[in-house]
Amino acid sequence: MLARGASRAVVRVARARPSRGFAAQADNVYLGNPTKEWLEKQASVEHHAEETTQLWRKISFFVAFPATLLTALWVRRVEAEHEAHEAHIKEEHGGELPPTPGYDYLNKRAKPFPWGMNSLFFNPHANKDMNEDSE
Amino acid sequence: MNINLNRSQFQAHPYHLVDPSPWPISMSFALLIMAISAVMYMQGFPFGGYLLNLGTILVATGMSLWFRDVVVESTYLGHHTEQVKRGITLGIALFIVSELMAFVSIFWAYFHSSLTPAIEIGGTWPPLGINTLDPLAIPLLNTILLLSSGAFITFAHHALIKGNRRSAILGSILTIIFAVLFTALQYYEYAEAGFTIADSIFGTVFYCSTGLHGFHVIVGTLFIGVQFYRLLQHHITKSHHIGMEGAIAYWHFVDVVWLFLYAFVYLWASSGLL
C-alpha cells in the first residue's frame, strides 16, 4: 500500500502539468489567443535577458570597476599635486593664501544669508570669512 | 470569511478607478506651505524657518503615504493590469520630461551668462578672480562613478527579468553604494571649493545647476533604495516591476544630466576655449 502511494507520487511529478490552464495554449484561428501571445513574448524577453545580463555583468566587472579604480588612483595623484602647489604658494606668500581680488561681484552680500554672513558650505581655509570687519 | 467581492462587482475594463484618497489635497497644501515658507525664510520673515521645516516634513510624509497606497493597490490588491502598467510607465516618462525642462531652464541661464560674458565680470568666462575646479580631478571620478552605477543597475534589471534574484540584489547594492560615493565626493567638492554661490554669476549658476542635480541624485538614490527594499520583500516579479523600471529610468536621466553638466559647466568653463 505504501509502495502504491509512492509510485502515484512519482507519476504525479512526472506528468508535469502546464503552469497555466489549457486555454492558454489553445489556438483560435479567428480571435487569436492573447494569453498565449503574452506568454510567448515573456518567454522570448526572458531568454534574451540571459545574454543581456551576461553582457552587463562583464561590463560592470571588467570595465566599470577597473575604470573607477584607475580614475581614483589618478585623482589621488592630481589632488596631491594640487596640495603641494597650494603649499608652495602659501610658502611664497608668507603662510596664507593670497586674498581673492576685491571685485564687487565676488563675495556678494546684498543682505546676509538667513543663517548668517557665510555661505552654507563655508570653509575657513578656502573662503573669505565675511564676519570679519574688513573695508 | 467575507472578501467583499461578488459577481456584480466584476470589473469589465482593465483600468484602475482609484478609491477616494486624502493625499492629493494634503500634498497640495503641504507644497503651498513649503513654497511660501521657503520665501519667508529667505527674506527674513518671522517663523520662516519653523514653517519651512513643517512644510518639508508634510511634503515628505504626504509623498510616503501616497506611494505606500500605490504599493498596496498594486502588490497587495492586484489592481495593476497591463493597461494600468502602460499608463503609469507613460506617466513616469512624462514626469522625467518635466524634470528635464527644469534643467533646461538652468542650462539656459548658464549659456546666457557664459556665451557673452558681461563686461562687469571682466568680459571673460570664467569671470576674473574665479578659480574653477580641476575638471580632470574629482569631477572626472564622479563621472565614472555615475556611469558605472548606470552599468550596475542595467545588470541588475536584466538579471531581474531573467529571474536571477541574487544578481538583481547585488547590482542594486552596487548602484546605491556608487550613488552615495558620488554624493559624498560632491559634498567634499562643495566644502573645498575656492568660490561660493555668492561669487558672481559663475558661482550662482554653478551651485544652482550642480545643486539641483545633486538633489536629484539624492532623490534618485532614495527611489532605487525603496525599490531595492521592495525587491528584498518579494513585492516584485520578473515580469512586473514598473516601480523598479521607473527608478532605473530616473537614474539614467540623472546620469545624462550630469554628463551635460560635466561637459559644459566643468570642462568647457575650465578649458580656456572662450
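Below, the figures for the structure above:
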item: Taking the convex hull of Cα positions in the stretch A:23-135, its mean projected area over all directions (nm²); result: 17.0
item: Of every Cα-Cα pair in the stretch B:112-167, the percent that sits beyond 16 Å; result: 66
item: Descending semi-axes in Å of the stretch B:91-192, equivalent ellipsoid built from Cα gyration tensor; result: 37, 19, 9
item: Burial ordering of B:SER148, B:SER105, B:SER167, A:SER119, fewest other beta-carbon atoms within 10 Å first; result: B:SER105, B:SER167, A:SER119, B:SER148
item: Tail beyond 15 Å, pair distance distribution of the stretch B:17-79 (Cα, percent); result: 56
item: Inter-centroid distance (Cα atoms) of the stretch B:150-183 relative to the stretch B:246-266, Å; result: 18
item: Anisotropy class of the stretch A:69-135 from Cα gyration tensor, a/c 1.5 cut; result: oblate
item: Least to most buried among B:TRP23, A:TRP38, B:TRP125 (fewest other Cβ within 10 Å first); result: A:TRP38, B:TRP23, B:TRP125
item: Chain B, relative contact order [Cα under 8 Å, separation at least 6], %; result: 19
item: Pairs of lysine residues in the protein assembly as shown - Cα separation under 27 Å, sequence separation of 8 or more or cross-chain; result: 16
item: Shape category assigned to the stretch B:32-175 from the gyration tensor of Cα positions, a/c cut at 1.5; result: oblate
item: Percent breakdown of C-alpha pair distances by 5 Å bin, ordered from the shortest bin, for chain B; result: 1, 5, 10, 12, 14, 14, 13, 11, 8, 5, 3, 2, 1, 1, 0, 0
item: For the protein assembly as shown: rounded, prolate or oblate by the Cα gyration tensor [a/c cutoff 1.5]; result: prolate
item: B:ILE224, A:ILE59, B:ILE177 arranged by Cβ crowding within 10 Å, fewest neighbours leading; result: B:ILE177, A:ILE59, B:ILE224
item: Exposed chymotrypsin sites (Phe, Trp or Tyr not before Pro) absent - longest run of chain B, DSSP non-H/G/I/E/B, at most 11 other C-beta within 10 Å; result: B:48-274
item: Shape metrics for the stretch B:68-124, restricted to C-alpha atoms - Rg then Dmax, Å; result: 21.3, 63
item: Choice from B:LEU181, B:LEU31, B:LEU90 with maximal GNM fluctuation in chain B (Cα, 10 Å cutoff); result: B:LEU31
item: Estimated 222 nm signal from helices in chain B, with DSSP H stretches of n ≥ 4 weighted -39500 (n - 2.57), rounded to 500; result: -24000 deg cm²/dmol
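Every number here is computed from the coordinates shown, using simple stated rules; none is lab data. Just so it is clear, the model here is predicted, and its values are computed rather than measured. Reconstructed Cβ throughout: ideal geometry from the backbone, glycine too, with neighbour counts over all protein chains shown.
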